[in-house]
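Just below is one structure, and these are the notes that go with it.
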Amino acid sequence: MFKPETYISRRNALRAELSSGIAIFPGNTEASFNYPANTYHFRQDSTFSYFFGLNQPDLAGIIDIDKGQDILFGNDVDMDDIIWMGPQPSIADRGSLAGISHTQQLAAFDEYIKDALSNGREVHFLPPYRGETKIQLSELLGIAVKDLKASASVELIKGVVKLRSIKSEEEIAEIEKMVDVAYLMHTTAMKMAHPGIVEQEIAGTVEGIALANAGPVSFPVILSINGQTLHNHYHGNTLTEGRMMVVDCGCESEETLYSSDITRTVPVGGRFSQRQKEIYEIVLKANLNAIEAIKPGIKYREVHMLAARTIAEELTKLGLMKGNPADAVAAGAHALFFPHGLGHMMGMDVHDMENLGENYVGYDEETVRATQFGTAFLRLGRTLQPGFVLTVEPGIYFIPALIDQWKAEGKYTEFINYEKVETYKDFGGIRIEDDVLVTVTGNRVLGKPIPKTVAEIEELMKR
């Protein structure tokens with residue numbers, strides 16, 4: 001946890017964003033994966049942690065705007081708990097860690113909300129994403145489970161997004177620690193990427209590095225020689241010469257929940273073929289051009305389009321695309337090769353605050369999400385501000401099913417050289433991703449630099 005003053009300041013800042021009523025924050029409970037006593041690794045709700053800091057199950061918090069009071073709810077342990085878990089701090093002691101002097105037993109959380117409702121006070125809540133929380137809020141608020149998302153407080157959502165989007169120095173330091181662990185994860189994966197190794201061996205090693213140095217992985221490891229599948233969690237292939245391995249992974253702080261998210265693509269055996277090098281250099285150029293463009297005041301959608309134009313221009317030089325690259329991007333033809341967004345916000349969630357609604361986080365009244373295939377998947381489009389932490393992750397993929405569909409439909413034939421593209425259907429995919437802080441004057445790539453040039457990767461992978 002940070003110092004109590006951090007959480008006091010955050011709660012006061014949120015209070016200033018809300019007009020009246022109470023804001024409620026149910027923490028997460030344990031979740032079973034095959035029988036009640038056998039639970040998944042506990043993960044606290046990020047917004048609860050942001051305002052209350054505590055990383056234990058069965059807690060809840062309320063920020064009372066009208067009374068200027070914060071309350072932490074939770075139960076003190078009994079002897080049965082102590083036998084299994086050891087001595088635990090009292091709820092009052094836990095409260096003091098978060099700068100809260102008002103604590104009550106967990107059952108009083110429901111009573112507080114019912115009392116507020118009976119007195120006509122507004123109860124602000126965020127969209128719930130776990131089944132247990134949905135049921136709890138449905139019963140408490142008298143709202144059908146299916147209507148909870150639509151009934152969530154837009155005022156609270158916007159207030160939370162406003163605060164959590166701007167990372168403080170202590171938050172940035174936590175993220176940077178996680179990027180430094182990702183350095184170990186990725187450089188180890190690179191050194192292991194040789195013919196005859198099964199992907200599972202590398203994926204397991206990478207996850208072990210996260211656990212040994214910080215905490216769990218920040219999302220299930222993506223690691224595959226079939227990089228044309230963007231989120232490929234299958235790890236059963238044996239690495240063979242001539243393929244490339246995409247590794248997209250990061251880790252999360254066990255205590256503060258801040259995360260990292262890095263992608264690297266390397267040639268199995270440590271040497272790029274000429275064809276691999278040509279495509280890789282295009283993705284790297286898009287990555288570097290995008291990072292260079294990041295600064296306060298620019299819309300991230302403009303940075304995305306810059307990366308798309310870079311890819312189209314270079315693929316045209318290779319003969320995989322044709323015509324005017326700017327026209328091709330405007331039409332959306334580049335999305336055959338780059339069918340996703342350039343990046344997303346990152347912080348306590350690897351897709352930061354996605355549960356609050358992606359359009360609230362990545363867009364606003366000034367910047368509306370595009371509908372065009374590819375660009376529509378851009379999670380962050382709005383104007384960048386100092387303190388934003390985001391990912392920059394362009395890629396080029398040769399997806400046989402998508403190529404076949406577009407070719408059969410005669411789609412963008414003026415921009416795509418399908419005859420040559422057909423010869424790349426066995427290529428796979430390449431993605432390069434970094435975590436970047438928007439600064440007052442521009443940007444800073446976070447963490448220890450992870451090899452990403454052809455020369456750096458080939459040098460590291462030498463046996």
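Among the residues making up segment 69-125, a single one is among the basic types (Lys, Arg) and open to solvent by 60 Å² or more (accessible area, probe 1.4 Å): Lys114.
I need the full set of residues from segment 83-111 which are over 14 Å from Asp70 (Cβ atoms) and outside any helix (DSSP H, G or I), in order please. Of everything in segment 83-111, those that are over 14 Å from Asp70 (Cβ atoms) and outside any helix (DSSP H, G or I) turn out to be Gly86, Pro87, Gln88, Pro89, Ser90, Gln105, Leu106.
Note on segment 18-51: residues that are assigned to a loop (DSSP other than H, G, I, E, B), within 24 Å of Glu111 (Cα to Cα) and of a type in the set (Gly, Ala, Ser) amount to 4. Filtered by the rule that a residue be within 21 Å of Arg10 (Cβ to Cβ), assigned to a loop (DSSP other than H, G, I, E, B) and not acidic (Asp, Glu), segment 57-82 gives Ile65, Lys67, Gly68. Considering every residue within segment 442-450, establish whether at least one is within 25 Å of Asp364 (Cα to Cα), modelled with pLDDT of 95 or more and open to solvent by less than 20 Å² (accessible area, probe 1.4 Å). The answer is yes, given that some residue of segment 442-450 is within 25 Å of Asp364 (Cα to Cα), modelled with pLDDT of 95 or more and open to solvent by less than 20 Å² (accessible area, probe 1.4 Å). Answer yes or no as to whether Leu54 is assigned to a loop (DSSP other than H, G, I, E, B), in contact with a His (Cβ under 9 Å, 6 or more places away or on another chain) and touching a residue at least 40 places away in the same chain (Cβ under 8 Å). Answer is no for this residue.
Residue pairs whose Cβ atoms lie under 8 Å apart, separated by 6 or more positions or on different chains, with the first residue in segment 67-85 and aliphatic (A, V, I, L, M) and the second part of a strand (DSSP E or B) and open to solvent by 50 Å² or more (accessible area, probe 1.4 Å), are Ile71/His102; Ile71/Gln104; Leu72/His102; Leu72/Gln104. Scanning segment 1-16 for residues that are outside any loop (DSSP other than H, G, I, E, B) and touching a residue at least 24 places away in the same chain (Cβ under 8 Å) yields Pro4, Glu5, Thr6, Tyr7, Ile8, Arg10, Arg11, Ala13, Leu14, Arg15.
Listed by first and then second residue, the pairs linking a residue in segment 416-437 that is under 19 Å from Glu281 (Cα atoms) to a residue that is open to solvent by less than 20 Å² (accessible area, probe 1.4 Å) and basic (Lys, Arg), with Cβ atoms under 8 Å apart and 6 or more places separating them unless they lie on different chains, are Ile432/Arg264; Glu433/Arg264.
The values are calculated or read from the model by the stated rules, or taken from the named source; none is laboratory data. Model, not experiment: these values are computed from the prediction. All Cβ positions, glycine included, derive from the backbone under ideal geometry; neighbour counts span all protein chains shown. Note: accessible area is taken over every heavy atom of the protein model, side chains too, but ligands, DNA and RNA are not part of it. Shrake-Rupley method; radii C 1.70, N 1.55, O 1.52, S 1.80 Å.
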